[in-house]
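Below is one structure, written out as structure tokens, with a few remarks after it.
The values are calculated or read from the model by the stated rules, or taken from the named source; none is laboratory data. Note that the coordinates shown come from a computational prediction; the quantities given were computed from them, not determined experimentally. Quick reminder, even Gly has a Cβ in these numbers, built from the backbone with ideal geometry, and neighbours come from all protein chains shown. Only protein heavy atoms, including side chains, enter the accessible area calculation; ligands, DNA and RNA are left aside. Shrake-Rupley method; radii C 1.70, N 1.55, O 1.52, S 1.80 Å.
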2 protein chains.
Amino acid sequence: MPESHPMIGGDGTYSYTKNSYLQREGIKYAKGLIDETIAHKLDIKDLLSNSRSFKIADLGCSVGPNTFICMESVIQAVKHKFQSHGLTEQIPDFQVFFSDHTFNDFNTLFRSLPPERPYFAAGVPGSFHGRLFPESSVHFVHSSHALHWISQVPKEILDKSSPAWNKGRIYYTGAPDEVGKAYAIQFAKDVEIFLDARAKELVVGGMMVLILPGIRNGISHSCAVVNVMLDLLGSCLMDMCKEGLVSEAQVDSFNLPMYVPSPKEMIELVERNGSFKIERMELFDPVPGNEAQILRSGHAWKMHFRAGLEGVFSKHFASETIDELFDRFPNKAAEKLKATSTETTLLFIALKRK
Amino acid sequence: MPESHPMIGGDGTYSYTKNSYLQREGIKYAKGLIDETIAHKLDIKDLLSNSRSFKIADLGCSVGPNTFICMESVIQAVKHKFQSHGLTEQIPDFQVFFSDHTFNDFNTLFRSLPPERPYFAAGVPGSFHGRLFPESSVHFVHSSHALHWISQVPKEILDKSSPAWNKGRIYYTGAPDEVGKAYAIQFAKDVEIFLDARAKELVVGGMMVLILPGIRNGISHSCAVVNVMLDLLGSCLMDMCKEGLVSEAQVDSFNLPMYVPSPKEMIELVERNGSFKIERMELFDPVPGNEAQILRSGHAWKMHFRAGLEGVFSKHFASETIDELFDRFPNKAAEKLKATSTETTLLFIALKRK
């Protein structure tokens, strides 16, 4: 069973609903890329030869509202394509499958569905590191800010006798090469399983759009601000360790299950799978010119991380430890941000099922 | 918007999960009828000409475990049909859509899905008194113990100036004819909307199996034990009213939104809709010979009702009133049961989309 770390549900202070600004900025920018992909690359006629409805899956949808914005945007683009081809009469019904881990808060998701939505909604519980849909039953897959979660922390990271033992850190930034490699290998395995499953589920000609944190080819992982911030979160934990607030063994046995790949790595994985044609791949900065104040604010990073990571931390640490950790983080983060490039890059990939 | 009254979620004392024995007995008996219907009436070849997967919807699924038992049973019967026709190689993937009101506890449903299930699971939030699925996208619809819920209490029931004003009661048993008629008309409207929606959603040749409380043609509504028990629940509330524990106006303005039809009524409604052929219709007694002790126990009826009805009561009455009501009910029920026929009849209907 892959590990499951849903975002914080409900709509409280630390909820994902209220703290997914950076993801939303990424989605806004990606909208243009998705629109173009649908306009230029999606073959609507062939696609619907065997179906009267167009089925879209959002993998790693969390609890909204981002997923609703994305799904409506995809549907508008597909409708527009029908219209621009003079096929307005043939616009199909749309069915959207909102999918996330079984422990995602689907009740909140369902209760916040837009009342006037241009689609039939369904929820699909389960890990995307495995099959979720029947064979050839989906026309369009969307996954935003999800695929960078790996299904498990690599075993050697936790093994004291391994050169990849990640002592005194909770992530691979600033760690020995072996640690980064172990993460990269796990990510590759997971993407392989992901692509295999989607290849079975997508109809021939069906498309998949992936958006995830990415890093430029050939640069160090420490150059991505998200990685720098995660490293800093680990160092706050080590400070607490030195003060006796948490044991060294507890920190050493905890690692964040995520990985930020480069375009080159993703191309290799897609080609190794062989079922998909890469229609477009690019890195983009969702908040260009570092305009967003959030990227300069330790508090904003705290809220961003807590909504997404508390689920992972809470399986390992007491809630007081987590509160203390996130209380310490903003000041240290603000200092670091003064001296760090805050370029955030997202990787956009559009694939077509061969 | 139709009213929404989900069963009690979670797995506490009064949860539907722990208090759906009678429904489960009905399902056990209906299994034989469903198996026969699939074996003799379902055209598997035609049905899958446009799809590689077989899609089943359970409407009014609540939170399990009944729905899991039903869905697995339907799938086994369909698989068996493929096998018996020498089509083992062509057995499709199955996708099950668990559907219920938006305020149903889907989190509990998803977290209790059988880990080794022979289908891909999805949840669909919304009222079945309206569209839930794309056009021609479902092959088999199942709905058990759900269609007797009407979408709203008829307005005239609450109108002091109407002959159908239901003063001093919470249900139509023992009420003037006008009350029963108003309920019957609302039920007919709802079933009309239900059948219209399903006619659009089911593929041609697709089948629908409905199981709901039913009453023999031509007999009084007061002859069904469930109706007698509901009437008694109302009289307990009136007792509390006389003791000043709840106001008369509060009781007069509350009515249970459900209706128990006869086979004759259902035949008329299906024929008026015109999209379905009736393949089988029968009344059956899920606990024949009154063997089940539950039907003689006031406490068992209390638990049965509370799991299903607390949602409705809680929108109108304070929780102390509901506690008091259900505390009073068992003794009075036990008395009544000594003198009442406890035959319970369920209506089974198998329809094929023309």
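Quick one: in region A:316-352, of everything that is free of Cβ contacts under 8 Å to residues at least 12 places away in the same chain and in a loop (DSSP other than H, G, I, E, B), which residue is nearest to A:Leu202 (Cα to Cα)?
Out of the qualifying residues, it is A:Ala318.
Within region A:9-62, can you find the residues that are open to solvent by 40 Å² or more (accessible area, probe 1.4 Å), within 14 Å of another protein chain (Cβ to nearest Cβ) and at pLDDT below 80?
Matches in region A:9-62: A:Ser49, A:Asn50.
What residue, among those in region B:108-130 that are open to solvent by 20 Å² or more (accessible area, probe 1.4 Å) and at the interface with chain A (Cβ under 7 Å from one of its Cβ atoms), is nearest to A:Arg111 (Cα to Cα)?
Of everything passing the filter in region B:108-130, B:Arg111 is nearest to A:Arg111 (Cα to Cα).
Does B:Ala307 satisfy being touching a Phe, Trp or Tyr at 6+ places or on another chain (Cβ under 8 Å) and in contact (Cβ under 8 Å) with a residue 60 or more places away in the chain?
The answer is yes for B:Ala307.
For region A:181-193, name all the residues that are touching a residue at least 24 places away in the same chain (Cβ under 8 Å) and farther than 14 Å from A:His148 by Cα.
A:Ala182
With the condition kept exactly as written, say whether any residue in region A:300-312 is assigned to a loop (DSSP other than H, G, I, E, B), aromatic (Phe, Trp, Tyr) and modelled with pLDDT of 85 or more. Before you say what the answer is, go through the steps one by one.
Looking only at region A:300-312, we keep the residues that are assigned to a loop (DSSP other than H, G, I, E, B), and these are none.
The answer is no; no qualifying residue exists.
Can you confirm whether B:Glu72 is open to solvent by 10 Å² or more (accessible area, probe 1.4 Å), acidic (Asp, Glu) and at pLDDT below 95?
Values: open to solvent by 10 Å² or more (accessible area, probe 1.4 Å): yes; acidic (Asp, Glu): yes; at pLDDT below 95: no.
No.
Restricting region B:109-143 to residues that are basic (Lys, Arg) and in a loop (DSSP other than H, G, I, E, B), which is farthest from A:Pro92 (Cα to Cα)?
Let us first name the residues in region B:109-143 that are basic (Lys, Arg), namely B:111, B:117, B:131.
Keeping just the survivors that are in a loop (DSSP other than H, G, I, E, B) gives B:117, B:131.
On the way: B:Arg117: 31, B:Arg131: 15 Å.
Once the filter is applied, the top-ranked residue is B:Arg117.
Does A:Leu351 count as modelled with pLDDT under 90, hydrophobic (A, V, I, L, M, F, W, C) and either open to solvent by less than 10 Å² (accessible area, probe 1.4 Å) or more than 18 Å from A:Ser20 (Cα to Cα) (or both)? First the steps, then the outcome.
Details: modelled with pLDDT under 90: no; hydrophobic (A, V, I, L, M, F, W, C): yes; either open to solvent by less than 10 Å² (accessible area, probe 1.4 Å) or more than 18 Å from A:Ser20 (Cα to Cα) (or both): yes.
Criteria not met by A:Leu351.
Among the residues of region A:68-84, write down those that are within 14 Å of chain B (Cβ to nearest Cβ) and touching a strand residue (DSSP E or B) at 6+ places or on another chain (Cβ under 8 Å).
Filtering region A:68-84 for residues within 14 Å of chain B (Cβ to nearest Cβ) gives A:68, A:75, A:78.
A:Ile75, A:Val78, listed by residue number.
Looking at the structure I just gave you, is B:Gly168 open to solvent by 50 Å² or more (accessible area, probe 1.4 Å), assigned to a loop (DSSP other than H, G, I, E, B), at positive phi and out of contact with any strand residue (DSSP E or B) (no Cβ under 9 Å at 6 or more places or on another chain)? Give the derivation first.
Numbers: open to solvent by 50 Å² or more (accessible area, probe 1.4 Å): no; assigned to a loop (DSSP other than H, G, I, E, B): yes; at positive phi: yes; out of contact with any strand residue (DSSP E or B) (no Cβ under 9 Å at 6 or more places or on another chain): yes.
So B:Gly168 fails the test.
Which of the following residues is hydrophobic (A, V, I, L, M, F, W, C) and assigned to a loop (DSSP other than H, G, I, E, B): A:Ala197, A:Ala146, A:Ala184?
Numbers: A:Ala197 fails: assigned to a loop (DSSP other than H, G, I, E, B); A:Ala184 fails: assigned to a loop (DSSP other than H, G, I, E, B).
Only one candidate passes the filter, namely A:Ala146.
What number of residues in region B:85-107 are farther than 17 Å from B:Ile69 by Cα, crowded, with 20+ Cβ neighbours inside 10 Å and more than 9 Å from chain A (Cβ to nearest Cβ)?
Summing the residues that are farther than 17 Å from B:Ile69 by Cα, crowded, with 20+ Cβ neighbours inside 10 Å and more than 9 Å from chain A (Cβ to nearest Cβ) in region B:85-107 gives 1.
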